[in-house]
Amino acid sequence: MRTHLLIIDPQNDFCDIDGAALPVAGAHADLQRLAHFIEAQQDRLDGITVTLDSHASVAVERTTFWQHAGGQPVAPFTFITASDVVAGRYRPRDASLQAPVVAMLEQLAGAGKAGMVVWPVHCVTGTWGHNIHSDVARSLAAWELAHQRAVTRVLKGEYPLSEHFGVFEADAPVPSVPGTQFNTALAASLAQAADVIAIAGQASSHCVAASYDQFMRYLGRGGTPTPRVVLLQDAMSPVTGFEPLADALCERARAAGTGVMTLDAFASTLR
């Protein structure tokens, strides 16, 4: 049985540790458990893919992009809709981006998402917050040494005018920007590389949920290989205040036949 581990955004800025910009309660312990699992199951993990939330310091989903009508800063976790921007309640600091931002928000609305959350600045590429949690990083290096090949690392979120929760596709794909389009090559490589895909990482309410949904949508296409998918529930946690989204993920997963297991329970299936 070929087993592949997909780790979503195991980065410092999402951990509840000193210095983190967007700490997820429980994430530090999640990733310590995950690191131990990788080390203990090293020989039974045939491949590992790690996604990395990767942003500039100014982008549409962060506080540095927005201001109130009077020029005041916009607080983290503010929810912004297209109608808010059209009405002038919130506006981009760069006025020239008003039209494309409204179009993006209308695109989200058309996809069933009323608007977007403005987050604290986090996971800026090249910073400490962007780095992989130290315990996980050590376990990945040990796996690479043992297998003599690299862990696959995938950056997401580099396009500044769309949120990019899921690793496979931006929330508002742009036809002229390939990095926002569905990453069929990545989805296909995962589907073909393993009999089991185990998913862990942060946060279960957002990037894990979006990545899972996007991958399952790909697996639903005709003729696509269909590996078993497992969510490692004690290796992921939700953003505080968004716990219902994580609960909904587990409900969708179970309804789709996806395993929802602890690391220990999953490890027992690998023996």
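The values are calculated or read from the model by the stated rules, or taken from the named source; none is laboratory data. The structure presented is a predicted model; accordingly, all values stated were derived computationally and were not measured. With ideal geometry, Cβ positions are generated from the backbone for all residues, glycine too; neighbour counts draw on all protein chains shown. Accessible surface areas use protein heavy atoms only, side chains included; no ligands, DNA or RNA. Shrake-Rupley method; radii C 1.70, N 1.55, O 1.52, S 1.80 Å.
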Rounded to the nearest angstrom and ordered from largest down, what semi-axes does the equivalent ellipsoid of segment 51-112 get from its C-alpha gyration tensor (root of 5λ)?
18, 16, 11
Over the Cα atoms of segment 1-133, Rg to Rh with Kirkwood Rh, two decimal places?
1.09
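Once neighbouring chains are kept in place and the probe is 1.4 Å, which whole percent of the accessible area of the chain is contributed by carbon and sulfur? Don't skip to the answer; put the middle values down first.
Numbers: 6150 of 11230 Å².
Carbon and sulfur: 55 percent of the exposed surface of the chain.
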Give me the distance between the Cα centres of segment 118-145 and segment 4-67, rounded to whole Å.
6 Å
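Please arrange 250, 123 by accessible surface area, largest first, computed with a 1.4 Å probe and ligands excluded.
On the way: 250 35, 123 0 Å².
Result, largest first: 250, 123.
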What's the whole-number percent of alpha carbon pairs in segment 207-250 lying beyond 16 angstrom?
42 percent
Of the candidates 65, 23, 199, the farthest towards the positive dipole end of the chain (Lys/Arg Cβ +1, Asp/Glu Cβ -1, centred on the Cα centre) is 199
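Let me check something: with ligands and nucleic acids excluded, how do 36, 55, 68 order by accessible area (1.4 Å probe), largest to smallest? Can you show the working numbers first?
On the way: 36 125, 55 10, 68 60 Å².
Ranked list, largest accessible area first: 36, 68, 55.
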Give me the accessible area of residue 117, 1.4 Å probe, in Å² rounded to the nearest 10.
20 Å²
Most fluctuating residue given options 173, 76, 23, as computed from a GNM of the chain linking Cα atoms under 10 Å
76
Add +1 for every Lys or Arg and -1 for every Asp or Glu among the other residues with Cβ under 11 Å from the Cβ of residue 160, and state the total.
-3
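Per DSSP helix of 4 or more residues, -39500 (n - 2.57); summed, then divided by the residues of the chain. What does that give at 222 nm, rounded to the nearest 500? Present the calculation step by step, with values, prior to reporting the outcome.
Working: 8 runs with 89 residues, N = 271.
The per-residue figure over the chain is -10000 deg cm²/dmol.
Among the trypsin sites (Lys or Arg not before Pro) in segment 126-200, which ones are in a DSSP loop with at most 15 other Cβ atoms within 10 Å of the Cβ? Mind listing them?
Working: sites: 138, 149, 153, 156; in loops: 149.
Passing sites in segment 126-200 are 149.
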Averaged per residue, the 1.4 Å probe accessible area of the chain, protein heavy atoms only, in Å², is roughly 41 Å²
Out of segment 57-107, which trypsin sites (Lys or Arg not before Pro) are coil in DSSP terms and have no more than 15 other C-beta atoms within 10 Å?
89, 93
With a Cα-only, solvent-free Debye model of segment 165-271, what are the log10 I(q)/I(0) values at q = 0.17, 0.20, 0.21, 0.22 Å⁻¹?
-0.83, -1.10, -1.18, -1.26
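Taking only the C-alpha atoms, wrap a convex hull around the chain and report its volume per residue in Å³ as a whole number. Could the numbers behind the result be given before it?
On the way: hull volume 34.4 nm³, N = 271.
Spelled out: Cα convex hull of the chain, divided by residues, is 127 Å³.
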In Hz, Karplus ³J(HN,Hα) per residue of segment 61-76 (6.51, -1.76, 1.60; θ = phi - 60°; x = Gly, Pro):
9, 10, 4, 5, 8, 10, 8, 6, 3, x, x, 6, x, 9, 6, x
Amide H contacts under 5 Å for residue 205, restricted to residues at least 5 apart in sequence or on another chain and with H modeled in the peptide plane, are 239
5 angstrom amide H check on residue 90, placed H, neighbours 5+ away
85
Could you work out how far the C-alpha centroid of segment 241-256 sits from that of segment 157-219, in angstrom?
17 Å
Between the residues 110, 262, 210, the Cα farthest towards the positive end of the dipole of the chain, that dipole coming from +1 and -1 charges on the beta-carbon of Lys, Arg, Asp and Glu, is from 110
Once you've got the GNM for the chain with C-alpha springs shorter than 10 Å, pick whichever of 180, 78, 226 has the biggest mean-square fluctuation.
78
Taking a ≥ b ≥ c as the square roots of the Cα gyration tensor eigenvalues, with a/c under 1.5 meaning rounded and otherwise prolate when a/b beats b/c, else oblate, which class fits segment 92-155?
prolate
Kindly sort 163, 39, 144, 158 by accessible area of their heavy atoms, largest first, with the probe set to 1.4 Å.
158, 39, 144, 163
Binning every alpha carbon pair distance of segment 100-231 at 5 Å from zero, what are the percents per bin?
2, 8, 15, 20, 20, 17, 10, 5, 2, 0
Gaussian network model of the chain, Cα springs within a sub-10 Å range: biggest mean-square fluctuation belongs to which of 63, 184, 81?
184
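Taking the Cα centre of the chain as origin, sum charge times position over the Cβ atoms of Lys and Arg (+1) and Asp and Glu (-1), and report the length of that vector in debye to the nearest 20.
Working: 18 positive and 26 negative charges, 102 e Å.
Charge dipole, the chain, about its Cα centre: 500 debye, nearest 20.
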